[in-house]
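The values are calculated or read from the model by the stated rules, or taken from the named source; none is laboratory data. Note that this is a predicted model, so its numbers are computed, not measured. Reconstructed Cβ throughout: ideal geometry from the backbone, glycine too, with neighbour counts over all protein chains shown. Note: accessible area is taken over every heavy atom of the protein model, side chains too, but ligands, DNA and RNA are not part of it. Shrake-Rupley method; radii C 1.70, N 1.55, O 1.52, S 1.80 Å.
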Amino acid sequence: MKNIIYLITVLLTIASCTKNQSKDNTELNEFVAALDNKPLEEIKEEVNTNIKQFESMTKFFNGSFSNDIKTINKEDEKYEEPFKVDTTGINKALKQFKNVRFSQTYSDYKSELQFIGTNNDTKDPIKLGQGVTQAFIPKKIYYHDGEVRTDSIEDYEVDFNFNESWGKTKPIDSIDITFKVDYIKDYDVVEISSENPTVQYKGGEINFIKAEGNYIYFTLSDTIASPTKVQGHNDEGKVLDRSGYSNNGVAPGDEEDILTEMLGYFKKLQKKLNNDDFKDTAELQEYLKDNLSNVDFFNDNDGIFHKQYYYYGNVKSVKLFFKKATETEEKTFTAYNHEPIRENDALIAMQTEDAIVFLNNKGEPKITIKGAEGLESIGSNFYEDYDHFYYLNKAEKKLDTLLVYSVEAFNNGLVGILPEQENEDYILYSSDYKPLKSRSYWLIEEVGDLLFGITSDKKYYILDDKANGTLVPGLAEINDEIVEDRIVVKDSNSKIGFMNSKGKIVIPFKYDDARDFEEGITTVEFNGTYKLIDLNGKVLLDTKQDDLDYQREDDEGKRIYSFDFGRTKYNYKGELLEN
(Lines give C-alpha, C1' and ligand atoms only; values in the text may rest on other atoms or scores of the structure.)
Protein backbone atom coordinates (compact mmCIF):
# COMPACT_ATOMS: atom_id res chain seq x y z
CA MET A 1 0.00 0.00 0.00
CA LYS A 2 1.21 3.45 -0.80
CA ASN A 3 -0.49 6.83 -0.29
CA ILE A 4 -4.01 5.44 -0.63
CA ILE A 5 -5.41 2.00 0.04
CA TYR A 6 -5.87 -0.10 -3.04
CA LEU A 7 -9.02 -1.96 -2.03
CA ILE A 8 -8.90 -4.71 -4.59
CA THR A 9 -5.13 -5.16 -4.37
CA VAL A 10 -5.35 -5.55 -0.62
CA LEU A 11 -7.96 -8.29 -0.94
CA LEU A 12 -5.81 -10.05 -3.54
CA THR A 13 -2.96 -9.99 -1.05
CA ILE A 14 -5.16 -11.33 1.72
CA ALA A 15 -6.51 -14.10 -0.46
CA SER A 16 -3.40 -15.37 -2.18
CA CYS A 17 -0.12 -14.31 -0.61
CA THR A 18 1.96 -15.05 2.45
CA LYS A 19 0.69 -13.22 5.51
CA ASN A 20 0.35 -13.64 9.25
CA GLN A 21 -1.47 -16.81 10.14
CA SER A 22 -4.21 -15.07 12.12
CA LYS A 23 -7.54 -14.74 10.30
CA ASP A 24 -10.39 -13.28 12.33
CA ASN A 25 -12.48 -10.14 12.57
CA THR A 26 -9.43 -8.24 13.79
CA GLU A 27 -8.12 -8.53 10.25
CA LEU A 28 -11.41 -7.17 8.87
CA ASN A 29 -11.30 -4.25 11.30
CA GLU A 30 -7.72 -3.45 10.35
CA PHE A 31 -8.60 -3.63 6.66
CA VAL A 32 -11.47 -1.16 7.10
CA ALA A 33 -9.49 1.11 9.45
CA ALA A 34 -6.76 1.43 6.83
CA LEU A 35 -9.16 3.64 4.85
CA ASP A 36 -9.22 6.32 7.55
CA ASN A 37 -9.07 9.85 6.08
CA LYS A 38 -8.75 8.60 2.48
CA PRO A 39 -10.79 10.65 -0.01
CA LEU A 40 -13.75 8.82 -1.58
CA GLU A 41 -12.68 9.87 -5.07
CA GLU A 42 -9.31 8.17 -4.69
CA ILE A 43 -10.92 4.99 -3.33
CA LYS A 44 -13.40 4.99 -6.21
CA GLU A 45 -10.58 5.37 -8.75
CA GLU A 46 -8.64 2.43 -7.33
CA VAL A 47 -11.68 0.16 -7.21
CA ASN A 48 -12.49 0.95 -10.86
CA THR A 49 -8.86 0.42 -11.90
CA ASN A 50 -8.12 -2.81 -10.01
CA ILE A 51 -11.37 -4.73 -10.31
CA LYS A 52 -10.17 -6.08 -13.67
CA GLN A 53 -7.12 -7.44 -11.89
CA PHE A 54 -9.40 -9.22 -9.46
CA GLU A 55 -11.38 -10.79 -12.34
CA SER A 56 -8.12 -12.12 -13.78
CA MET A 57 -7.22 -13.66 -10.42
CA THR A 58 -10.47 -15.67 -10.28
CA LYS A 59 -9.63 -17.13 -13.70
CA PHE A 60 -6.09 -17.90 -12.50
CA PHE A 61 -7.41 -20.10 -9.69
CA ASN A 62 -9.56 -22.17 -12.06
CA GLY A 63 -7.63 -25.45 -11.91
CA SER A 64 -4.27 -23.72 -12.34
CA PHE A 65 -2.46 -25.60 -9.56
CA SER A 66 -3.44 -29.18 -10.39
CA ASN A 67 -1.94 -28.75 -13.85
CA ASP A 68 1.47 -28.07 -12.30
CA ILE A 69 1.83 -31.43 -10.53
CA LYS A 70 4.34 -33.63 -12.38
CA THR A 71 7.15 -36.13 -11.90
CA ILE A 72 10.65 -34.77 -12.50
CA ASN A 73 13.44 -36.94 -13.90
CA LYS A 74 16.35 -37.22 -11.48
CA GLU A 75 18.79 -35.72 -13.98
CA ASP A 76 16.48 -32.70 -14.42
CA GLU A 77 16.24 -31.83 -10.75
CA LYS A 78 17.51 -28.42 -9.63
CA TYR A 79 18.95 -27.74 -6.20
CA GLU A 80 19.60 -24.83 -3.88
CA GLU A 81 21.84 -24.33 -0.85
CA PRO A 82 20.56 -25.46 2.56
CA PHE A 83 19.21 -22.60 4.65
CA LYS A 84 21.88 -20.74 6.60
CA VAL A 85 21.74 -17.22 8.00
CA ASP A 86 24.25 -15.13 6.04
CA THR A 87 25.16 -11.78 7.63
CA THR A 88 28.43 -11.19 5.79
CA GLY A 89 27.16 -8.32 3.66
CA ILE A 90 25.38 -6.30 6.35
CA ASN A 91 28.21 -3.91 7.28
CA LYS A 92 28.89 -3.09 3.65
CA ALA A 93 25.19 -2.66 2.94
CA LEU A 94 24.78 -0.18 5.80
CA LYS A 95 27.58 1.97 4.36
CA GLN A 96 26.60 1.83 0.69
CA PHE A 97 24.51 5.01 0.52
CA LYS A 98 26.80 7.84 -0.56
CA ASN A 99 25.10 9.76 -3.34
CA VAL A 100 21.50 8.57 -3.69
CA ARG A 101 19.37 10.48 -6.18
CA PHE A 102 15.79 10.20 -7.40
CA SER A 103 13.90 11.38 -10.45
CA GLN A 104 10.45 12.92 -10.01
CA THR A 105 7.74 12.99 -12.66
CA TYR A 106 4.17 14.27 -12.61
CA SER A 107 1.02 13.00 -14.29
CA ASP A 108 -2.72 13.18 -13.59
CA TYR A 109 -2.15 15.05 -10.33
CA LYS A 110 0.14 12.36 -8.99
CA SER A 111 3.84 12.44 -8.29
CA GLU A 112 6.08 9.45 -9.09
CA LEU A 113 9.64 8.78 -7.95
CA GLN A 114 12.35 6.39 -9.06
CA PHE A 115 15.58 6.18 -7.10
CA ILE A 116 18.90 6.21 -8.92
CA GLY A 117 21.88 4.31 -7.52
CA THR A 118 23.32 4.03 -4.03
CA ASN A 119 26.57 5.87 -4.79
CA ASN A 120 28.58 7.62 -7.50
CA ASP A 121 28.80 4.35 -9.45
CA THR A 122 24.96 4.29 -9.73
CA LYS A 123 24.75 0.78 -8.27
CA ASP A 124 21.55 -0.90 -7.15
CA PRO A 125 21.33 -1.75 -3.43
CA ILE A 126 23.44 -4.69 -2.28
CA LYS A 127 21.54 -7.98 -2.14
CA LEU A 128 21.79 -9.59 1.28
CA GLY A 129 21.94 -13.28 2.15
CA GLN A 130 19.51 -15.78 3.63
CA GLY A 131 17.88 -14.96 6.94
CA VAL A 132 18.32 -11.24 6.37
CA THR A 133 15.59 -8.83 5.33
CA GLN A 134 15.98 -5.20 4.37
CA ALA A 135 13.54 -2.32 4.12
CA PHE A 136 13.61 1.34 3.14
CA ILE A 137 11.46 3.53 5.39
CA PRO A 138 10.88 7.18 4.39
CA LYS A 139 11.11 9.45 7.45
CA LYS A 140 10.96 13.03 6.15
CA ILE A 141 10.04 14.60 2.82
CA TYR A 142 11.45 18.07 2.17
CA TYR A 143 9.30 19.85 -0.40
CA HIS A 144 10.69 22.73 -2.43
CA ASP A 145 8.19 25.21 -0.99
CA GLY A 146 9.54 24.61 2.52
CA GLU A 147 7.00 22.06 3.74
CA VAL A 148 8.48 19.15 5.71
CA ARG A 149 6.25 16.09 5.89
CA THR A 150 6.63 13.20 8.32
CA ASP A 151 3.11 11.78 8.65
CA SER A 152 1.69 8.91 6.54
CA ILE A 153 4.82 8.49 4.40
CA GLU A 154 6.35 5.21 5.62
CA ASP A 155 4.39 3.17 3.07
CA TYR A 156 5.84 5.09 0.11
CA GLU A 157 8.06 2.67 -1.78
CA VAL A 158 11.76 3.31 -2.38
CA ASP A 159 12.32 1.53 -5.70
CA PHE A 160 15.56 1.63 -7.70
CA ASN A 161 14.05 0.08 -10.84
CA PHE A 162 10.52 1.43 -11.31
CA ASN A 163 8.49 4.60 -10.80
CA GLU A 164 6.34 4.50 -7.67
CA SER A 165 3.58 6.82 -6.51
CA TRP A 166 4.65 9.38 -3.89
CA GLY A 167 1.53 11.42 -3.31
CA LYS A 168 0.79 15.01 -4.20
CA THR A 169 2.26 16.83 -7.17
CA LYS A 170 4.70 19.05 -5.34
CA PRO A 171 8.40 19.24 -6.15
CA ILE A 172 10.56 17.40 -3.61
CA ASP A 173 14.11 18.57 -2.87
CA SER A 174 15.24 15.68 -0.66
CA ILE A 175 14.05 12.74 1.45
CA ASP A 176 15.44 11.27 4.68
CA ILE A 177 15.24 7.47 4.47
CA THR A 178 16.07 4.82 7.06
CA PHE A 179 17.61 1.62 5.71
CA LYS A 180 16.61 -1.15 8.12
CA VAL A 181 18.21 -4.59 8.24
CA ASP A 182 16.72 -7.43 10.30
CA TYR A 183 18.62 -10.67 10.65
CA ILE A 184 17.90 -13.93 12.44
CA LYS A 185 20.01 -14.72 15.49
CA ASP A 186 18.31 -18.01 16.41
CA TYR A 187 15.69 -20.26 14.82
CA ASP A 188 13.80 -23.55 15.16
CA VAL A 189 13.66 -26.26 12.47
CA VAL A 190 10.61 -28.50 12.02
CA GLU A 191 10.62 -31.35 9.47
CA ILE A 192 7.51 -33.15 8.22
CA SER A 193 7.04 -36.00 5.77
CA SER A 194 4.81 -39.02 5.19
CA GLU A 195 6.85 -40.79 7.86
CA ASN A 196 6.53 -37.90 10.31
CA PRO A 197 3.20 -36.34 9.30
CA THR A 198 2.23 -34.40 12.44
CA VAL A 199 4.33 -32.13 14.65
CA GLN A 200 3.16 -30.12 17.65
CA TYR A 201 4.75 -26.66 17.68
CA LYS A 202 4.14 -23.47 19.65
CA GLY A 203 0.71 -24.54 20.84
CA GLY A 204 -0.42 -25.51 17.35
CA GLU A 205 -0.07 -28.32 14.85
CA ILE A 206 1.75 -28.80 11.54
CA ASN A 207 0.31 -31.54 9.33
CA PHE A 208 1.73 -33.23 6.25
CA ILE A 209 -1.24 -33.82 3.88
CA LYS A 210 0.09 -34.93 0.52
CA ALA A 211 3.24 -35.27 -1.59
CA GLU A 212 3.05 -36.14 -5.28
CA GLY A 213 5.92 -35.64 -7.71
CA ASN A 214 7.07 -32.05 -7.46
CA TYR A 215 4.12 -31.04 -5.26
CA ILE A 216 3.65 -31.02 -1.50
CA TYR A 217 0.70 -29.81 0.57
CA PHE A 218 0.69 -29.24 4.33
CA THR A 219 -1.22 -27.17 6.89
CA LEU A 220 -0.39 -25.07 9.93
CA SER A 221 -2.58 -23.97 12.79
CA ASP A 222 -3.46 -20.29 12.54
CA THR A 223 -1.78 -19.77 15.91
CA ILE A 224 1.66 -20.55 14.44
CA ALA A 225 3.60 -17.66 12.89
CA SER A 226 4.59 -18.05 9.22
CA PRO A 227 7.96 -19.75 8.77
CA THR A 228 10.89 -17.67 7.61
CA LYS A 229 11.88 -20.33 5.09
CA VAL A 230 10.42 -23.56 3.70
CA GLN A 231 12.76 -25.99 1.93
CA GLY A 232 11.74 -29.16 0.12
CA HIS A 233 13.95 -32.25 0.06
CA ASN A 234 14.09 -35.21 -2.32
CA ASP A 235 14.52 -38.82 -1.25
CA GLU A 236 18.30 -38.30 -0.98
CA GLY A 237 17.88 -35.32 1.36
CA LYS A 238 19.03 -32.81 -1.26
CA VAL A 239 17.44 -29.34 -1.06
CA LEU A 240 15.26 -28.75 -4.12
CA ASP A 241 14.91 -25.44 -5.90
CA ARG A 242 11.36 -24.10 -5.56
CA SER A 243 9.29 -23.33 -8.67
CA GLY A 244 6.13 -21.93 -7.08
CA TYR A 245 3.92 -21.81 -4.04
CA SER A 246 0.50 -20.84 -2.68
CA ASN A 247 -0.35 -19.80 0.88
CA ASN A 248 -4.05 -19.52 1.69
CA GLY A 249 -6.56 -19.44 4.48
CA VAL A 250 -8.80 -21.77 2.47
CA ALA A 251 -8.26 -25.33 1.30
CA PRO A 252 -7.10 -26.15 -2.25
CA GLY A 253 -10.03 -26.05 -4.63
CA ASP A 254 -11.98 -23.50 -2.59
CA GLU A 255 -10.00 -20.43 -3.69
CA GLU A 256 -12.01 -19.84 -6.85
CA ASP A 257 -15.33 -19.94 -4.99
CA ILE A 258 -14.08 -17.52 -2.36
CA LEU A 259 -12.67 -15.10 -4.93
CA THR A 260 -15.84 -15.27 -7.04
CA GLU A 261 -17.89 -14.39 -3.97
CA MET A 262 -15.60 -11.50 -3.16
CA LEU A 263 -15.63 -10.30 -6.77
CA GLY A 264 -19.43 -10.20 -6.78
CA TYR A 265 -19.40 -8.19 -3.59
CA PHE A 266 -16.88 -5.67 -4.90
CA LYS A 267 -18.80 -5.17 -8.12
CA LYS A 268 -21.74 -4.14 -5.95
CA LEU A 269 -19.41 -1.84 -4.05
CA GLN A 270 -18.08 -0.41 -7.33
CA LYS A 271 -21.60 0.41 -8.46
CA LYS A 272 -22.44 2.16 -5.19
CA LEU A 273 -19.22 4.20 -5.32
CA ASN A 274 -19.85 5.29 -8.91
CA ASN A 275 -23.42 6.25 -7.98
CA ASP A 276 -22.07 8.40 -5.13
CA ASP A 277 -24.14 6.50 -2.57
CA PHE A 278 -21.69 7.35 0.25
CA LYS A 279 -21.50 10.87 1.62
CA ASP A 280 -17.99 10.33 3.03
CA THR A 281 -15.34 7.72 3.78
CA ALA A 282 -16.73 7.06 7.26
CA GLU A 283 -20.07 5.98 5.78
CA LEU A 284 -18.24 3.69 3.34
CA GLN A 285 -16.34 2.12 6.24
CA GLU A 286 -19.56 1.35 8.10
CA TYR A 287 -20.96 -0.26 4.94
CA LEU A 288 -17.82 -2.41 4.63
CA LYS A 289 -18.02 -3.57 8.25
CA ASP A 290 -21.69 -4.51 7.88
CA ASN A 291 -21.23 -6.38 4.61
CA LEU A 292 -17.70 -7.83 4.54
CA SER A 293 -18.43 -9.68 7.76
CA ASN A 294 -20.92 -11.77 5.76
CA VAL A 295 -18.32 -12.83 3.16
CA ASP A 296 -17.16 -16.41 3.74
CA PHE A 297 -13.51 -15.41 3.52
CA PHE A 298 -13.76 -13.31 6.67
CA ASN A 299 -15.63 -16.08 8.45
CA ASP A 300 -13.19 -18.89 7.77
CA ASN A 301 -12.75 -20.11 11.34
CA ASP A 302 -11.35 -23.60 10.76
CA GLY A 303 -8.09 -22.57 12.42
CA ILE A 304 -6.01 -23.88 9.52
CA PHE A 305 -3.60 -22.23 7.10
CA HIS A 306 -2.97 -24.15 3.85
CA LYS A 307 0.42 -24.23 2.09
CA GLN A 308 1.19 -25.74 -1.33
CA TYR A 309 4.72 -25.81 -2.75
CA TYR A 310 6.15 -26.87 -6.12
CA TYR A 311 9.77 -27.83 -6.80
CA TYR A 312 12.19 -28.62 -9.61
CA GLY A 313 12.34 -32.19 -8.36
CA ASN A 314 10.33 -34.88 -6.60
CA VAL A 315 9.72 -33.74 -3.05
CA LYS A 316 9.47 -36.17 -0.12
CA SER A 317 9.71 -33.89 2.91
CA VAL A 318 9.91 -30.24 3.93
CA LYS A 319 11.81 -28.36 6.60
CA LEU A 320 10.23 -25.26 8.09
CA PHE A 321 12.49 -22.64 9.68
CA PHE A 322 10.91 -20.44 12.37
CA LYS A 323 12.78 -17.45 13.71
CA LYS A 324 13.19 -17.28 17.50
CA ALA A 325 15.35 -14.19 17.91
CA THR A 326 16.29 -11.34 15.58
CA GLU A 327 18.49 -8.26 15.64
CA THR A 328 18.07 -4.98 13.81
CA GLU A 329 20.58 -2.48 12.44
CA GLU A 330 19.68 0.83 10.80
CA LYS A 331 21.28 3.59 8.76
CA THR A 332 19.59 6.84 7.79
CA PHE A 333 20.64 8.63 4.61
CA THR A 334 19.34 11.50 2.50
CA ALA A 335 18.34 11.12 -1.16
CA TYR A 336 18.34 14.22 -3.38
CA ASN A 337 16.32 15.16 -6.44
CA HIS A 338 18.33 14.33 -9.56
CA GLU A 339 16.93 17.40 -11.33
CA PRO A 340 15.89 19.74 -8.51
CA ILE A 341 13.50 22.59 -9.11
CA ARG A 342 15.55 25.78 -9.30
CA GLU A 343 14.50 28.97 -7.57
CA ASN A 344 13.78 30.66 -10.89
CA ASP A 345 11.70 27.74 -12.17
CA ALA A 346 8.24 29.11 -11.57
CA LEU A 347 6.24 26.21 -13.01
CA ILE A 348 6.48 22.47 -13.55
CA ALA A 349 4.76 20.48 -16.30
CA MET A 350 2.25 17.73 -15.49
CA GLN A 351 0.69 15.50 -18.16
CA THR A 352 -3.04 14.79 -17.97
CA GLU A 353 -5.25 12.83 -20.32
CA ASP A 354 -5.92 15.75 -22.67
CA ALA A 355 -3.59 18.58 -21.67
CA ILE A 356 -0.36 19.77 -20.11
CA VAL A 357 -0.99 21.53 -16.81
CA PHE A 358 1.70 23.82 -15.42
CA LEU A 359 1.89 23.85 -11.64
CA ASN A 360 3.62 26.18 -9.22
CA ASN A 361 5.90 24.96 -6.44
CA LYS A 362 2.91 24.30 -4.20
CA GLY A 363 1.37 21.98 -6.78
CA GLU A 364 -1.34 24.47 -7.75
CA PRO A 365 -2.40 24.58 -11.45
CA LYS A 366 -1.62 27.89 -13.15
CA ILE A 367 -1.65 27.32 -16.90
CA THR A 368 -3.43 24.60 -18.90
CA ILE A 369 -2.63 23.97 -22.55
CA LYS A 370 -5.10 21.62 -24.19
CA GLY A 371 -3.89 19.06 -26.71
CA ALA A 372 -0.24 19.22 -25.63
CA GLU A 373 1.48 16.00 -24.63
CA GLY A 374 4.84 14.35 -24.10
CA LEU A 375 6.63 17.41 -22.74
CA GLU A 376 9.75 17.06 -20.63
CA SER A 377 11.13 19.91 -18.56
CA ILE A 378 14.60 21.17 -19.44
CA GLY A 379 14.60 23.74 -16.66
CA SER A 380 13.50 27.32 -16.07
CA ASN A 381 10.64 27.91 -18.54
CA PHE A 382 11.95 25.64 -21.29
CA TYR A 383 10.62 22.25 -22.42
CA GLU A 384 11.08 19.67 -25.15
CA ASP A 385 9.31 16.78 -26.85
CA TYR A 386 10.49 14.40 -29.58
CA ASP A 387 10.27 17.10 -32.24
CA HIS A 388 10.94 20.56 -30.83
CA PHE A 389 12.05 22.79 -27.98
CA TYR A 390 9.59 25.21 -26.38
CA TYR A 391 9.50 28.31 -24.22
CA LEU A 392 6.54 28.72 -21.88
CA ASN A 393 5.12 32.15 -22.64
CA LYS A 394 3.34 32.83 -19.36
CA ALA A 395 2.02 36.22 -20.45
CA GLU A 396 0.08 34.67 -23.32
CA LYS A 397 -0.34 31.28 -21.66
CA LYS A 398 1.05 29.34 -24.59
CA LEU A 399 4.12 27.39 -25.72
CA ASP A 400 6.42 29.17 -28.20
CA THR A 401 8.21 26.73 -30.52
CA LEU A 402 11.98 27.27 -30.72
CA LEU A 403 13.61 26.24 -33.99
CA VAL A 404 17.04 25.58 -32.49
CA TYR A 405 19.45 22.67 -32.27
CA SER A 406 19.70 22.40 -28.49
CA VAL A 407 18.56 24.06 -25.23
CA GLU A 408 20.21 23.53 -21.83
CA ALA A 409 19.20 25.10 -18.50
CA PHE A 410 21.68 25.48 -15.64
CA ASN A 411 21.60 25.75 -11.86
CA ASN A 412 22.50 29.45 -11.72
CA GLY A 413 19.54 30.41 -13.91
CA LEU A 414 21.31 30.74 -17.24
CA VAL A 415 20.01 29.01 -20.36
CA GLY A 416 22.33 28.01 -23.20
CA ILE A 417 20.80 27.81 -26.68
CA LEU A 418 22.61 26.32 -29.64
CA PRO A 419 21.21 27.74 -32.91
CA GLU A 420 20.11 25.65 -35.86
CA GLN A 421 23.62 24.56 -36.84
CA GLU A 422 25.42 22.06 -34.63
CA ASN A 423 28.82 23.64 -35.22
CA GLU A 424 27.76 27.08 -33.94
CA ASP A 425 28.40 28.37 -30.40
CA TYR A 426 25.98 28.49 -27.48
CA ILE A 427 24.29 31.82 -26.84
CA LEU A 428 23.36 32.57 -23.22
CA TYR A 429 19.84 33.66 -22.22
CA SER A 430 18.02 34.48 -19.01
CA SER A 431 15.24 32.20 -17.76
CA ASP A 432 12.66 34.55 -19.33
CA TYR A 433 14.24 34.04 -22.78
CA LYS A 434 16.17 37.32 -23.02
CA PRO A 435 19.64 37.23 -24.63
CA LEU A 436 22.49 38.28 -22.34
CA LYS A 437 25.45 40.42 -23.29
CA SER A 438 28.10 37.75 -23.13
CA ARG A 439 30.55 36.00 -25.39
CA SER A 440 29.28 32.80 -26.98
CA TYR A 441 30.80 29.46 -26.04
CA TRP A 442 31.67 26.34 -27.98
CA LEU A 443 30.68 24.18 -24.99
CA ILE A 444 29.11 24.71 -21.58
CA GLU A 445 29.77 22.32 -18.68
CA GLU A 446 28.21 22.28 -15.23
CA VAL A 447 29.92 20.71 -12.20
CA GLY A 448 27.96 21.12 -8.99
CA ASP A 449 27.11 24.81 -8.74
CA LEU A 450 29.99 25.80 -11.02
CA LEU A 451 29.18 26.66 -14.64
CA PHE A 452 32.01 26.69 -17.18
CA GLY A 453 31.90 28.34 -20.59
CA ILE A 454 34.49 26.81 -22.90
CA THR A 455 35.65 28.63 -26.01
CA SER A 456 36.74 27.00 -29.25
CA ASP A 457 40.40 27.55 -28.28
CA LYS A 458 39.82 25.52 -25.07
CA LYS A 459 39.80 28.37 -22.58
CA TYR A 460 37.63 27.84 -19.50
CA TYR A 461 35.56 30.66 -17.99
CA ILE A 462 33.52 30.42 -14.77
CA LEU A 463 30.11 31.99 -15.44
CA ASP A 464 28.05 33.82 -12.81
CA ASP A 465 24.26 34.23 -12.95
CA LYS A 466 24.64 37.31 -15.20
CA ALA A 467 26.82 35.37 -17.68
CA ASN A 468 29.96 37.29 -16.66
CA GLY A 469 32.96 35.05 -17.36
CA THR A 470 36.15 34.71 -15.26
CA LEU A 471 39.06 32.97 -16.97
CA VAL A 472 40.68 30.05 -15.11
CA PRO A 473 44.35 30.19 -16.23
CA GLY A 474 45.80 26.91 -17.45
CA LEU A 475 42.61 24.86 -17.13
CA ALA A 476 42.12 22.53 -20.12
CA GLU A 477 39.94 19.68 -18.80
CA ILE A 478 37.63 19.15 -15.85
CA ASN A 479 36.06 16.09 -14.22
CA ASP A 480 32.26 16.07 -13.96
CA GLU A 481 32.01 15.31 -10.20
CA ILE A 482 32.80 17.10 -6.95
CA VAL A 483 34.00 14.69 -4.27
CA GLU A 484 34.83 16.01 -0.79
CA ASP A 485 34.88 19.57 -2.20
CA ARG A 486 37.51 18.65 -4.77
CA ILE A 487 37.33 18.37 -8.57
CA VAL A 488 40.00 16.63 -10.63
CA VAL A 489 41.28 19.06 -13.31
CA LYS A 490 43.98 19.02 -15.99
CA ASP A 491 46.07 21.66 -17.74
CA SER A 492 47.15 21.75 -21.38
CA ASN A 493 50.18 19.55 -20.57
CA SER A 494 47.89 16.84 -19.09
CA LYS A 495 49.16 17.56 -15.60
CA ILE A 496 46.52 16.99 -12.94
CA GLY A 497 45.49 19.22 -10.05
CA PHE A 498 42.42 19.83 -7.89
CA MET A 499 39.86 22.63 -7.81
CA ASN A 500 37.41 23.33 -4.99
CA SER A 501 33.66 23.94 -5.34
CA LYS A 502 34.24 27.73 -5.49
CA GLY A 503 36.36 27.41 -8.62
CA LYS A 504 39.75 27.93 -6.96
CA ILE A 505 42.74 25.73 -7.87
CA VAL A 506 43.74 24.47 -4.40
CA ILE A 507 46.31 21.84 -5.49
CA PRO A 508 48.44 22.87 -8.50
CA PHE A 509 48.68 21.03 -11.82
CA LYS A 510 51.62 18.65 -11.24
CA TYR A 511 50.47 15.03 -11.10
CA ASP A 512 50.65 12.45 -13.89
CA ASP A 513 47.77 10.40 -12.46
CA ALA A 514 45.18 10.96 -9.72
CA ARG A 515 41.91 9.69 -8.27
CA ASP A 516 39.01 11.37 -6.46
CA PHE A 517 39.38 11.74 -2.70
CA GLU A 518 37.86 9.39 -0.13
CA GLU A 519 37.96 10.09 3.61
CA GLY A 520 40.32 13.01 2.90
CA ILE A 521 42.96 10.92 1.13
CA THR A 522 43.74 9.94 -2.46
CA THR A 523 46.60 8.56 -4.51
CA VAL A 524 48.54 10.58 -7.10
CA GLU A 525 51.50 9.83 -9.34
CA PHE A 526 54.33 12.37 -8.94
CA ASN A 527 58.02 12.12 -9.88
CA GLY A 528 57.64 8.48 -10.93
CA THR A 529 55.93 7.01 -7.86
CA TYR A 530 52.50 7.02 -6.29
CA LYS A 531 51.95 9.09 -3.18
CA LEU A 532 49.02 9.35 -0.80
CA ILE A 533 48.07 12.99 -0.24
CA ASP A 534 45.51 14.91 1.83
CA LEU A 535 42.96 17.48 0.64
CA ASN A 536 45.61 20.23 0.64
CA GLY A 537 48.14 18.23 -1.37
CA LYS A 538 50.36 17.31 1.59
CA VAL A 539 52.19 14.03 0.98
CA LEU A 540 51.25 11.55 3.71
CA LEU A 541 53.08 8.56 2.28
CA ASP A 542 55.31 7.70 -0.68
CA THR A 543 54.42 4.13 -1.65
CA LYS A 544 57.59 3.82 -3.77
CA GLN A 545 55.38 2.03 -6.31
CA ASP A 546 55.31 3.08 -9.97
CA ASP A 547 52.18 1.22 -11.11
CA LEU A 548 48.70 1.39 -9.61
CA ASP A 549 46.77 -1.82 -10.33
CA TYR A 550 43.26 -0.66 -9.47
CA GLN A 551 41.15 0.36 -6.50
CA ARG A 552 39.43 -2.41 -4.61
CA GLU A 553 36.92 -2.19 -1.79
CA ASP A 554 37.01 -3.84 1.61
CA ASP A 555 34.02 -5.53 3.27
CA GLU A 556 32.70 -2.17 4.41
CA GLY A 557 32.92 -0.58 0.98
CA LYS A 558 36.04 1.43 1.79
CA ARG A 559 38.78 1.99 -0.75
CA ILE A 560 41.89 -0.20 -1.04
CA TYR A 561 44.88 1.00 -3.10
CA SER A 562 46.53 -1.98 -4.81
CA PHE A 563 50.01 -1.97 -6.34
CA ASP A 564 52.37 -4.48 -7.94
CA PHE A 565 49.63 -6.98 -8.88
CA GLY A 566 48.16 -6.91 -5.39
CA ARG A 567 51.44 -7.56 -3.56
CA THR A 568 51.30 -4.15 -1.86
CA LYS A 569 48.02 -2.71 -0.62
CA TYR A 570 46.94 0.24 1.51
CA ASN A 571 43.56 0.89 3.04
CA TYR A 572 41.58 4.14 2.76
CA LYS A 573 43.50 5.56 5.77
CA GLY A 574 46.84 4.96 4.06
CA GLU A 575 47.71 2.03 6.31
CA LEU A 576 49.70 -0.86 4.84
CA LEU A 577 47.70 -4.09 4.64
CA GLU A 578 49.35 -7.44 5.19
CA ASN A 579 48.88 -9.95 2.38
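The table that follows gives values for the structure above.
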{"read-out": "Qualifying residue in segment 198-211 (condition: surrounded by fewer than 18 Cβ atoms within 10 Å (Cβ to Cβ), touching a Leu at 6+ places or on another chain (Cβ under 9 Å), polar (S, T, N, Q) and on the phi < 0 side of the Ramachandran plot)", "value": "yes"}
{"read-out": "Elements of type strands (runs of 3 or more DSSP E) contained in segment 304-389, each with 1 or more residues being in the same structural domain as Pro197 (by the TED database) and touching a strand residue (DSSP E or B) at 6+ places or on another chain (Cβ under 7 Å)", "value": "304-311, 317-337"}
{"read-out": "Long-range neighbours under 6 Å by Cβ, at least six apart or interchain, first residue part of a loop (DSSP other than H, G, I, E, B) within segment 184-204, second surrounded by fewer than 16 Cβ atoms within 10 Å (Cβ to Cβ)", "value": "Gly203/Thr223"}
{"read-out": "Residue identified as open to solvent by 50 Å² or more (accessible area, probe 1.4 Å) and either in contact (Cβ under 8 Å) with a residue 12 or more places away in the chain or closer than 12 Å to Ala335 by Cβ (or both) among Asp151, Asp159, Asp176, Asp124", "value": "Asp124"}
{"read-out": "Of residues in segment 534-579 being at pLDDT below 85 and of a type in the set (S, T, N, Q), the one nearest to Arg486 (Cα to Cα)", "value": "Gln551"}
{"read-out": "Count of residues meeting criterion [at pLDDT 80 or above, touching an Asp or Glu at 6+ places or on another chain (Cβ under 8 Å), open to solvent by 20 Å² or more (accessible area, probe 1.4 Å) and outside any strand (DSSP E or B)] in segment 232-280", "value": "2"}
{"read-out": "Residues of segment 73-82 satisfying the condition of being part of a loop (DSSP other than H, G, I, E, B) and either within 16 Å of Phe160 (Cα to Cα) or without any contact (Cβ under 8 Å) to a residue 24 or more places away in the chain (or both)", "value": "Asn73"}
